[in-house]
């Protein structure tokens, strides 16, 4: 709160990355759970914390994450979900969507039941269903035995089981019923995402015309780009109506391709995601992603039999660094891709996703190497406050 013009906390001396540019040096004042003011020059009264040399950016918003810290959102275990949430928060993700992988509808219903209270309590923003309405030819680390074509009854039953928590559904539009399901999702206020698809470009264009607005981890789990058949990659990347997810671990997508895609899509259409699974931030070994066993070696998750990539062990702070240091984009591009654009996509940008007065004080302090020095969520430090870098 503000008492006699005094703020609860004032972050001073850092590079404050605001929507209209960087205040350097600038200050950010916190009042209760919210950002009270930002500016340059003499900071207002309050408890000052000198962050000279640091980057101050909005809390990260991850719209595609399966778990972390040994916990999985597919476990139907609220404690495992809480572990995953806490793991990613320590790495700066203050807003998180829990992703589920393909499973029979009754299993998805059980998994949704374990997550709805976490959404209601504000621990999660919502849930993403990645499947089961996806292509067997491009299923990656999804169990092909549980895949199915979408139909209005099953889609409707899952939306009802989610009790308003389902924010996004990934499907393959070439499947029978795919276009109809996209219309159903769009009419229900749910993001229809195209992914794990073997569609040709014309089928993808029809899906976007029907209401699809997101490309699930562009390049991965889809027919590749070809100069005579652009497929999903070309159609989605070139359509101004589509926001593209990129897994920025420098394993799923080469840094040069990341740069090409992000530059073409621009800040208004690029979103970094982790696609993280339970092994994130813990040791290598054997894990499960849905019904499948996954081997993690040197932090890379693959299916033991096929070698197919099976999610990642990425955190959003590492994705931020990789976009800047690995792909050569600007810090402002990374801020847009990790916070501002995903918040807009989810419709929570009036609450979070940028450093503006009135928004929640969801803030990440990064040192000069773009590593997390401190995380504020709703105006409270997660762990110890940062010291001057």
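The values are calculated or read from the model by the stated rules, or taken from the named source; none is laboratory data. All values reported here derive from a predicted model rather than from experimental measurement. FYI the Cβ positions are ideal-geometry reconstructions off the backbone, even for glycines, and counts take in every protein chain you see.
All but one of (1) farther than 25 Å from residue 78 by Cβ; (2) assigned to a helix (DSSP H, G or I); (3) in contact with a helix residue (DSSP H, G or I) (Cβ under 7 Å, 6 or more places away or on another chain); (4) in contact (Cβ under 8 Å) with a residue 40 or more places away in the chain hold for residue 133; which doesn't?
Of (1) farther than 25 Å from residue 78 by Cβ; (2) assigned to a helix (DSSP H, G or I); (3) in contact with a helix residue (DSSP H, G or I) (Cβ under 7 Å, 6 or more places away or on another chain); (4) in contact (Cβ under 8 Å) with a residue 40 or more places away in the chain, only one is false for residue 133: (2).
Yes or no, residue by residue, for (1) assigned to a loop (DSSP other than H, G, I, E, B); (2) in the same structural domain as residue 106 (by TED's automatic domain parsing); (3) without any contact (Cβ under 8 Å) to a residue 60 or more places away in the chain:
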site: 137; (1), (2), (3): no, yes, no
site: 141; (1), (2), (3): yes, yes, no
site: 173; (1), (2), (3): yes, yes, yes
site: 182; (1), (2), (3): no, yes, yes
site: 185; (1), (2), (3): no, yes, yes
site: 192; (1), (2), (3): no, yes, yes
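Could you list all residues from segment 26-76 that are at pLDDT below 95 and within 25 Å of residue 337 (Cβ to Cβ)?
Passing the criteria: only 53.
Any residue at all in segment 51-71 that is in contact (Cβ under 8 Å) with a residue 60 or more places away in the chain and over 28 Å from the mean Cα position of the chain (by Cα)?
Step one: filter segment 51-71 for residues in contact (Cβ under 8 Å) with a residue 60 or more places away in the chain, giving 51-71.
Of the ones still in play, those that are also over 28 Å from the mean Cα position of the chain (by Cα) are 52.
Checked against the condition, which is being in contact (Cβ under 8 Å) with a residue 60 or more places away in the chain and over 28 Å from the mean Cα position of the chain (by Cα), segment 51-71 yields at least one hit.
Any chance segment 359-375 includes a residue that's assigned to a loop (DSSP other than H, G, I, E, B), within 18 Å of residue 265 (Cβ to Cβ) and modelled with pLDDT of 95 or more?
Just the residues of segment 359-375 that are assigned to a loop (DSSP other than H, G, I, E, B), to begin with: 359, 361-362, 367-371.
Still in the list and also within 18 Å of residue 265 (Cβ to Cβ): none.
No, every residue in segment 359-375 fails to be assigned to a loop (DSSP other than H, G, I, E, B), within 18 Å of residue 265 (Cβ to Cβ) and modelled with pLDDT of 95 or more.
Modelled with pLDDT of 95 or more, in a loop (DSSP other than H, G, I, E, B), more than 26 Å from residue 168 (Cβ to Cβ) and not assigned by TED's automatic domain parsing to the domain that holds residue 370: does that describe residue 307?
On the way: modelled with pLDDT of 95 or more: no; in a loop (DSSP other than H, G, I, E, B): yes; more than 26 Å from residue 168 (Cβ to Cβ): yes; not assigned by TED's automatic domain parsing to the domain that holds residue 370: yes.
The answer is no for residue 307.
If I filter segment 317-340 for residues that are at pLDDT 95 or above and either assigned to a strand (DSSP E or B) or in the same structural domain as residue 32 (by TED's automatic domain parsing) (or both), do I get at least one hit?
Taking segment 317-340 and keeping what is at pLDDT 95 or above, we get 317-340.
Okay, now just the ones that are also either assigned to a strand (DSSP E or B) or in the same structural domain as residue 32 (by TED's automatic domain parsing) (or both), so none.
Scanning segment 317-340, I find no residue that is at pLDDT 95 or above and either assigned to a strand (DSSP E or B) or in the same structural domain as residue 32 (by TED's automatic domain parsing) (or both), so the answer is no.
Among (1) more than 25 Å from residue 347 (Cα to Cα); (2) modelled with pLDDT of 95 or more; (3) surrounded by fewer than 19 Cβ atoms within 10 Å (Cβ to Cβ), which single condition is residue 201 missing?
(3)
Look through 301, 279 and report the one residue that is on the phi < 0 side of the Ramachandran plot and outside any strand (DSSP E or B).
Details: 301 fails: outside any strand (DSSP E or B).
Going through 301, 279 in turn, just one is on the phi < 0 side of the Ramachandran plot and outside any strand (DSSP E or B): 279.
One line per residue, one yes/no per condition, for (1) surrounded by 24 or more Cβ atoms within 10 Å (Cβ to Cβ); (2) within 20 Å of the chain's Cα centre (by Cα); (3) in a helix (DSSP H, G or I); (4) touching a residue at least 60 places away in the same chain (Cβ under 8 Å):
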position	(1), (2), (3), (4)
208	no, no, yes, no
218	yes, yes, no, no
226	no, no, no, no
232	yes, no, yes, no
251	no, yes, no, yes
261	no, yes, yes, no
267	no, yes, no, yes
272	yes, yes, no, yes
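Checking residue 77 against (1) under 16 Å from residue 277 (Cβ atoms); (2) touching a residue at least 24 places away in the same chain (Cβ under 8 Å); (3) crowded, with 16+ Cβ neighbours inside 10 Å, only one condition comes out false. Which one?
All conditions pass for residue 77, except number (3).
Assuming residue 122 fulfils every condition listed in (1) assigned to a loop (DSSP other than H, G, I, E, B); (2) within 25 Å of residue 254 (Cα to Cα) apart from one, which condition is it?
Result: residue 122 passes all but (2).
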